[in-house]
Amino acid sequence: MLFAAPADKELRWNEEGIGGAARFMNRVWRFVEGATAEAAQERARSDKVWRKLHQTVKRVTEDIERFSLHTAIAGLMELLNMVEEEKPEGIFAREVAERYVQMIAPFAPHIAEEMWEKLGKKRSVFLSGWPGYEKEALEEDEVEIVIQVNGKVRDRLIVPKIALDEDVRKKALASPKIQSFISEKELKNVIVVPKKLVNIVVR
């Protein structure tokens, strides 16, 4: 119910939603169970999952504060999707699982308590405090660059934050989509706004 509609809107009941919620919680349970089983193993941290975890803590915290519960749950679903894709292991997986259970507890308190106990915790998850996030961990290593031709958006590029302007310029001009707009025209100028856009001017 919390995911189906904003808290201030009317909810039209749909029993299919029950199945979707059950499948989601089963996936969470399997993740926590797997993280518990591998807790003793030391494994490298996945920067991608670590960043997404901190971004999700920030998002869920802010969404709860403004009572946007459906978007908070959507954020938790996105994090779970990445966890299943990246498959964190060992102590790192357990750390992600612990923070995940803390975040999902307000929405599914009973199963959260069960999972918290499965993680070896003796006191209630609601006495554990709310997870915090590190601002440094929120920053992406890559940025999306908009490519314009004569002021109109024609393509987008994902490039490292540290990419040189000249490298971004070359990639923008080499884009197959961009080539279809400029190949038979005279190139007048290429303006690179660092970490934001490339505007190609042709005639």
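The values are calculated or read from the model by the stated rules, or taken from the named source; none is laboratory data. In this text, all values refer to a predicted model and were calculated from it rather than measured experimentally. Here Cβ is always computed from backbone atoms with ideal geometry, including for glycine, and neighbour counts include all displayed protein chains.
Would you confirm whether or not the stretch 79-93 contains a residue that is modelled with pLDDT of 95 or more, among the aromatic types (Phe, Trp, Tyr) and farther than 30 Å from Val201 by Cβ?
No, every residue in the stretch 79-93 fails to be modelled with pLDDT of 95 or more, among the aromatic types (Phe, Trp, Tyr) and farther than 30 Å from Val201 by Cβ.
For the condition of a type in the set (Lys, Arg), out of contact with any Lys or Arg (no Cβ under 7 Å at 6 or more places or on another chain) and over 30 Å from Pro194 (Cα atoms), what is the one hit in Lys152, Lys118?
Result of the check over Lys152, Lys118: Lys118.
When Leu119 is evaluated against the numbered criteria (1) farther than 22 Å from Leu76 by Cα; (2) in the same structural domain as Glu33 (by TED's automatic domain parsing); (3) not small (Gly, Ala, Ser), which criterion, by number, is the only one it fails?
It is condition (1) that Leu119 fails.
Let me confirm something: among Val96, Val83, which residue is within 24 Å of Glu139 (Cα to Cα) and under 12 Å from the mean Cα position of the chain (by Cα)?
Numbers: Val96 fails: under 12 Å from the mean Cα position of the chain (by Cα).
Among Val96, Val83, only Val83 is within 24 Å of Glu139 (Cα to Cα) and under 12 Å from the mean Cα position of the chain (by Cα).
Would you mind listing the helices (runs of 4 or more DSSP H) fully within the stretch 89-193 where at least 1 residues are over 30 Å from Arg27 (Cβ atoms) and of a type in the set (Ser, Thr, Tyr)?
176-182
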